[in-house]
Amino acid sequence: MFNHIPTYAGDPILSLMDAYQKDPRAHKVNLSIGLYYDEQQQVPQLQAIQQAYADLDTQLKQVKLYLPMSGLQRFNQASQQLIFSTADPAALDRIATVQSLGGSGALKLAADFIHQFFPNSQLWVSNPTWENHISIFTASGVNCHTYPYYDASTQGVDFKGMLDCLNTLAPKNVVLLHPCCHNPTGADLSQAQWDQVIQVLKTRELIAVFDMAYQGFSQGLQQDNYAICQALQANLSFMVSHSCSKIFSLYGERVGSLSIVCPDTEARIRVEGQLKSLVRKIYSSPPSTGALLVSHVLNTPKLYALWQQQVEEMRLRMQQMRQSLRDQLEQALEHDFSYLTTQQGMFSYTGLSPAQVQQLRDDYAIYLVGSGRLCIAGLNQKNLSYV
Ligand code: LMR
């Protein structure tokens with residue numbers, strides 16, 4: 001019966017986590033998966049989340065009924081305010097937001113929505129992009145292509161190549177964009193470049209999907225949504241997948257959201273209904289714990305302030321690690337490593353080949369992703385010199 005089922009080669013990122021955990025070497029360093037580790041090499045429980053657990057203790061221990069298909073309403077509202085923080089409150093009425101199973105779950109809903117309602121649309125992702133973007137959209141039946149993005153010679157963005165490609169696309173093609181902390185390269189667009197991209201999206205009538213999994217890890221919570229807020233202001237119709245995994249350190253709770261910005265309230269109601277229908281067909285309704293915790297933090301001013309401060313601490317620690325790694329490498333090798341400090345967020349693209357990445361793993365127990373992506377958040381003062 002099952003002879004035709006091939007062996008799964010494993011996921012290029014998640015399978016490294018298994019290998020790292022099984023590695024018995026005490027000096028091992030995990031610079032592969034996007035997990036934020038603190039100075040003590042621990043994935044921290046954020047104080048704001050700890051306080052939310054304490055405040056909600058009774059509720060979390062009670063029997064939890066099914067959430068609505070769209071998730072916890074106060075979580076969705078708080079997510080909208082975080083994602084579209086500079087928006088006129090009236091504009092929020094034309095945004096359909098549903099809770100999702102992390103950022104990946106939001107992308108899956110977006111992919112199914114596009115496949116169902118824009119069957120002739122194709123998806124364009126940056127070259128390179130997070131491996132799972134292509135897997136998720138292809139699995140939903142959406143054809144994927146790449147637009148030029150990373151320029152290996154400058155270790156920055158090939159902006160001309162990107163814009164030239166977007167300028168050739170037919171209306172209703174879908175363009176996946178990383179509003180901050182590009183995964184895997186860490187090479188981001190400037191605000192002036194975003195303005196140009198938004199202009200192209202508008203003139204060519206393209207559908208943007210902004211994937212924001214690291215809000216706050218580049219320039220700050222209020223700055224990293226620049227592209228999204230500008231797109232809203234430009235009256236585009238677009239989508240945003242948002243993840244709470246990293247910025248709330250709630251990886252296993254699978255909490256995030258998908259927002260679809262519609263032309264008006266009437267369209268928002270129809271879109272929201274169709275999102276609910278998609279949710280019902282895949283998993284019926286989302287889990288409640290993560291959404292209860294996040295909405296409690298976002299809706300409690302004291303906890304919001306504490307959380308904001310902690311996101312800032314994570315951001316600054318990663319910046320410091322970028323600078324220290326650059327300084328130590330430049331001292332040791334007399335080579336320009338400035339890309340480490342110009343790239344932003346959790347990841348840097350080192351340019352190491354798959355064979356070099358393998359050698360680092362085999363000989364030194366240092367884990368990077370095969371593409372040469374290095375997770376800055378796995379570095380600390382203790383392992384830096386060794387790395
Ligand atoms: C990553 O890129 O490492 C994270 O987003 C985790 C994942 O699911 O791949």
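Derived scalar couplings between HN and Hα for segment 69-85 equal 4, 7, x, 7, 4, 6, 5, 4, 5, 5, 4, 4, 5, 6, 6, 10, 5 Hz in order, rounded to whole Hz, by the Karplus curve 6.51 cos²θ - 1.76 cosθ + 1.60 (θ = phi - 60°), x for Gly and Pro. Backbone amide hydrogens, once placed in the peptide plane, bring Tyr150 within less than 5 Å of Asn127, Asp158, excluding anything fewer than 5 places away on its chain.
How much net charge surrounds Tyr339 when only other residues with a Cβ under 15 Å from its Cβ are counted (Lys, Arg +1; Asp, Glu -1)?
Details: positive: Arg322, Arg326, Arg373; negative: Asp151, Asp158, Asp188, Asp327, Glu330, Asp336.
Summing Lys/Arg as +1 and Asp/Glu as -1 gives -3.
A simple spin-label model places the labels of Ile269 and Leu163 4.2 nm from each other, with each point 7 Å out along Cα-to-Cβ. Between Lys22 and Glu205, the modelled label-to-label distance comes to 5.3 nm, taking each label 7 Å out from Cα in the direction of the beta carbon. If R0 equals 25 Å, the separation of the Cβ atoms of Ser324 and Asp151 corresponds to a calculated FRET efficiency of about 0.45. Distance from the alpha carbon centroid of segment 322-352 to that of segment 242-275 works out to 35 angstrom. Taking Leu325, Leu275, Leu65 in turn, the Gaussian network model of the chain (Cα-Cα springs below 10 Å) assigns the largest fluctuation to Leu65. Only one residue of Ser153, Ile134, Gly378 has its Cα farthest out toward the positive end of the dipole of the chain, where Lys and Arg carry +1 and Asp and Glu -1 on Cβ, and that residue is Ile134. Run down the lysines and flag those whose C-alpha is under 24 Å from the C-alpha of Lys160, throwing out any fewer than 8 positions away in its chain. Cα-Cα hits under 24 Å: Lys172, Lys202.
Based on Cβ point charges of +1 for Lys and Arg and -1 for Asp and Glu, what charge dipole magnitude is obtained for segment 35-137 about its Cα centre, in debye rounded to the nearest 20? Intermediate values should be presented prior to the final figure.
On the way: 5 positive and 8 negative charges, 70 e Å.
Using Cβ point charges on Lys, Arg, Asp and Glu, segment 35-137 gives about 340 debye.
Dividing the alpha-carbon Rg of segment 1-149 by 2.2 N^0.38 Å yields what? Let's see the in-between values first.
Numbers: Rg = 20.2 Å, N = 149, 2.2 N^0.38 = 14.7 Å.
Segment 1-149 yields a ratio of 1.37.
Cross-link partners for Lys302 among the aspartates and glutamates, with Cα-Cα distance under 13 Å and sequence neighbours closer than 8 places in the same chain left out: Asp55.
Checking every one of the trypsin sites (Lys or Arg not before Pro) in segment 42-97 against DSSP loop status and a limit of 15 other Cβ atoms within 10 Å picks out Lys64.
Tell me, what % of the accessible area of the chain is carbon and sulfur with a 1.4 angstrom probe? C and S atoms contribute 52 percent here. Can you give the local net charge around Leu278? Use residues other than it whose beta-carbon is closer than 15 angstrom to its beta-carbon, Lys and Arg +1, Asp and Glu -1. Neighbour charge sum, excluding Leu278 itself: +3.
Taking every protein chain into account, the 1.4 Å probe leaves Glu313 with about 100 Å² of accessible area, to the nearest ten.
Net charge of the neighbourhood of Ala48, taken over other residues with C-beta under 11 Å away and scored Lys/Arg +1, Asp/Glu -1, is 0.
The stretch between Gln50 and Tyr283, if pulled fully straight at 0.36 nm per residue, gains 81.1 nm over its current Cα-Cα span. Each of Gln310, Phe337, Gln191 was placed along the dipole of the chain (beta-carbon charges, centred on the mean Cα), and the one lying farthest toward the positive end is Gln310.
Charges were assigned to the Cβ only: +1 to each Lys and Arg, -1 to each Asp and Glu. The resulting dipole of the chain about its Cα centre is roughly 960 debye.
The values are calculated or read from the model by the stated rules, or taken from the named source; none is laboratory data. Values in this document were obtained by computation on a predicted structure and should not be read as measured data. Cβ atoms come from the backbone with ideal geometry, glycine included; neighbour counts cover every protein chain shown. All accessible areas refer to the heavy atoms of the entire protein, side chains included, with ligands and DNA or RNA removed. Shrake-Rupley method; radii C 1.70, N 1.55, O 1.52, S 1.80 Å.
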